[in-house]
Amino acid sequence: MKKTFKNKPIFYLLILVIFFSCSSDDDTTTVDPDDDSSIGQPEPVSALNLAEYDNGSGVMMQAFYWDVEPRFEWWNTISDKLGSWADAGVNRIWIPPASKGQSGGYSMGYDPSDYYDFGEYDQHGTIPTRFGTREDLEQMISVAHDNDIEVIADMVLNHNSGGGLEYNPYREKETYTLFDETHGNASGMFNRNYEDFYPNSVSNYDPGSLFYQETNLDHHRERVQNWLWKDENSVAKYYKNVMGFDGWRFDYVLGFEDFVIKDWLEEVGGFSVSELWDGNPGVLRNHIEATGSGVFDFAAFYVMEQAFDRNHDLKGLTDDQVWQTNPEKAVTFTANHDTEKDANEDNIIAPENKLKAYAFIMTHPGYPTVFYLDYENPEFQEQLNKLIRIHNSLATGSLEIIYADNDEYIMQRSGNSENPGLILYMNISASTKRRTITTSWDSSILMDYSENSNYHPKVSEDGEVTIEAPANSYAIWSITE
């Protein structure tokens, strides 16, 4: 049976002012983790059954990486993993663009040619996509739904690729803007020509495209809107009603106007997250306001990268991030297919800091994403499963930062009357540290649910307790039975 918890008010604003203005050396204890002589160690205790504290959340799996292998088998590969992912606490998977691209059997889908060819037409040198056949995809979606997992389609709406040559009077040359049954659009759905791309008789400007600038779709054209989201057989409605997709990841939204996403969501609904690669939280919040879509919280990504990698300063974890104001629209992440192949080291969180970053997003507000290669890493998977369980159970309630300095960061989630919440203690120094804090609990014995520490401190009647974080690691504290 779940316990009933009371949350005592804690004046964290004052605590923050004090802690940020003084040295941690005065208040922390560096300890030998095997020596408990300095602080009493209670008898072993029983952990809470976290399955009894389901907070209604989940995590999303990015179910691919660049150039997945084996080719033509990816949908089947995912299908085989869905049951274990569901058991771990995954409630959505984000898959790569599922339709045929110009690169055929080698395409990762980001060079879309035929939005309706999911691996059934012989074009661009192949019938299946890199990921498999349409039948494989439909089976994978069915298995996902059987496991209560939603499937999120990656939508590339900015640019097209793989059409045939035609004379383009607006560019006064031949361009690859002819898409029909014999030129990259074997389905015969959403045939296109130069009038559907910038410039044309409707639009004389191009809002900008980093890819295939001559085949950048003009979303101001009525027939483009009809084919993408308005008509009954539009891309949006076909993907939702025929293929069974549950939501959308919008690729490279810098390449088209906000109204596209806003109108799309008003027409078909569904979970939505935009890829707006910008670390400025204000820019990301403006997109949320303009579209109604969620965003990947690149502000949080760069806050973590700087705190753990570049600056080695955990005070940076308190900087402005989208989840702080828009937790229901902030999709947090530590890696994706693009960051992992980026040559700029500032655009990737180092492997040795990955689990700390995951501990951060799994305990803070927002909707976390797990990157496929991280989850499949045998050095990470066991701990990731623990973090997902913690996220889906104890990571609830309001957030208060108790302490932050260069080496240490302590945060509490308040929980509620039926959920104790948690405390995250991160430590990037070379030594195990203990710090005495005031919590919202009383007279309880604590344990680290990440199991990085086997220390079991007891909270006093007034909420005071000394907690521990191992060297260059973290602990996630909550009460025990």
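Quick notes on this one:
- Condition check for Asp87: loosely packed, with under 13 Cβ neighbours inside 10 Å, under 25 Å from the mean Cα position of the chain (by Cα) and closer than 30 Å to Ile127 by Cβ: no
- Residues that are surrounded by fewer than 22 Cβ atoms within 10 Å (Cβ to Cβ), on the phi < 0 side of the Ramachandran plot and of a type in the set (Gly, Ala, Ser) within the range 116-145 comprise just one, Ser142.
- Here is the figure for the range 202-218: residues that are open to solvent by 80 Å² or more (accessible area, probe 1.4 Å), modelled with pLDDT of 90 or more and among the aliphatic types (A, V, I, L, M) total 1.
- Filter result for Gln321 (under 25 Å from His391 (Cα atoms), open to solvent by less than 10 Å² (accessible area, probe 1.4 Å), at pLDDT 95 or above and not β-branched (Val, Ile, Thr)): yes
- Residue match in the range 158-165 (condition: in contact (Cβ under 8 Å) with a residue 60 or more places away in the chain and assigned to a helix (DSSP H, G or I)): no
- Looking at the range 252-306, the helices (runs of 4 or more DSSP H) lying wholly inside it that each contain 3 or more residues that are under 13 Å from Met155 (Cβ atoms) sit at 258-268.
- Within the range 120-138, residues that are over 15 Å from Asp80 (Cα atoms) have Cβ atoms under 9 Å from residues that are open to solvent by less than 10 Å² (accessible area, probe 1.4 Å) and among the β-branched types (Val, Ile, Thr) in these pairs: Arg130/Val68, counting only partners at least 6 apart in sequence or on another chain.
- Condition broken by Ala471, with the remaining ones in (1) of a type in the set (A, V, I, L, M, F, W, C); (2) touching a residue at least 40 places away in the same chain (Cβ under 8 Å); (3) buried (at least 21 other Cβ atoms within 10 Å of the Cβ) satisfied: (3)
- Test: residue in the range 190-199 that is open to solvent by 40 Å² or more (accessible area, probe 1.4 Å), out of contact with any His (no Cβ under 7 Å at 6 or more places or on another chain) and among the hydrophobic types (A, V, I, L, M, F, W, C): no
- For Ser429, the conditions (1) open to solvent by 40 Å² or more (accessible area, probe 1.4 Å); (2) in a loop (DSSP other than H, G, I, E, B); (3) modelled with pLDDT of 95 or more all hold with the exception of (1).
- Contact map, the range 166-194: residues that are touching a residue at least 12 places away in the same chain (Cβ under 8 Å) and within 22 Å of Thr129 (Cα to Cα) paired with residues that are of a type in the set (A, V, I, L, M, F, W, C) and loosely packed, with under 14 Cβ neighbours inside 10 Å, Cβ distance under 7 Å, separation 6+ or inter-chain. Pairs shown: Tyr176/Leu165; Leu178/Leu165.
- The selection criterion, being surrounded by fewer than 17 Cβ atoms within 10 Å (Cβ to Cβ) and in contact with a helix residue (DSSP H, G or I) (Cβ under 7 Å, 6 or more places away or on another chain), does not hold for Asp297.
- Matching residues in the range 91-107 - criterion: being in a strand (DSSP E or B) and not hydrophobic (A, V, I, L, M, F, W, C): Asn91, Arg92, Lys100, Gly101
- The one condition in (1) in a helix (DSSP H, G or I); (2) closer than 24 Å to Leu137 by Cα; (3) hydrophobic (A, V, I, L, M, F, W, C) that Phe245 fails to fulfil: (1)
- Meets criteria (modelled with pLDDT of 65 or more, within 30 Å of Ala471 (Cβ to Cβ) and in a loop (DSSP other than H, G, I, E, B)) for Val68: no
- Qualifying positions in the range 393-418 - in contact with a Phe, Trp or Tyr (Cβ under 9 Å, 6 or more places away or on another chain), closer than 15 Å to Gly56 by Cα and surrounded by fewer than 24 Cβ atoms within 10 Å (Cβ to Cβ): Ser393, Thr396, Gly415, Asn416, Glu418
- When Phe64, Phe72 are screened for being in contact (Cβ under 8 Å) with a residue 24 or more places away in the chain, buried (at least 23 other Cβ atoms within 10 Å of the Cβ) and among the aromatic types (Phe, Trp, Tyr), only Phe64 passes.
- If the condition is being out of contact with any helix residue (DSSP H, G or I) (no Cβ under 6 Å at 6 or more places or on another chain) and assigned to a loop (DSSP other than H, G, I, E, B), then the range 118-140 contributes Tyr121, Asp122, Ile127, Pro128, Thr133.
- Residue in the range 278-288 that is open to solvent by less than 10 Å² (accessible area, probe 1.4 Å), touching a helix residue (DSSP H, G or I) at 6+ places or on another chain (Cβ under 6 Å) and within 30 Å of Asp146 (Cβ to Cβ) present: no
- Residue check for Trp248: under 26 Å from Val59 (Cα atoms), in contact with a helix residue (DSSP H, G or I) (Cβ under 8 Å, 6 or more places away or on another chain), among the hydrophobic types (A, V, I, L, M, F, W, C) and surrounded by fewer than 22 Cβ atoms within 10 Å (Cβ to Cβ): no
The values are calculated or read from the model by the stated rules, or taken from the named source; none is laboratory data. Everything numeric in this text was worked out from a predicted model, so none of it was measured. Please note: Cβ atoms are built from the backbone with ideal geometry, for glycine as well, and neighbour counts cover all protein chains shown. Quick note on the areas: whole protein, heavy atoms, side chains included, nothing else; ligands and nucleic acids left out. Shrake-Rupley method; radii C 1.70, N 1.55, O 1.52, S 1.80 Å.
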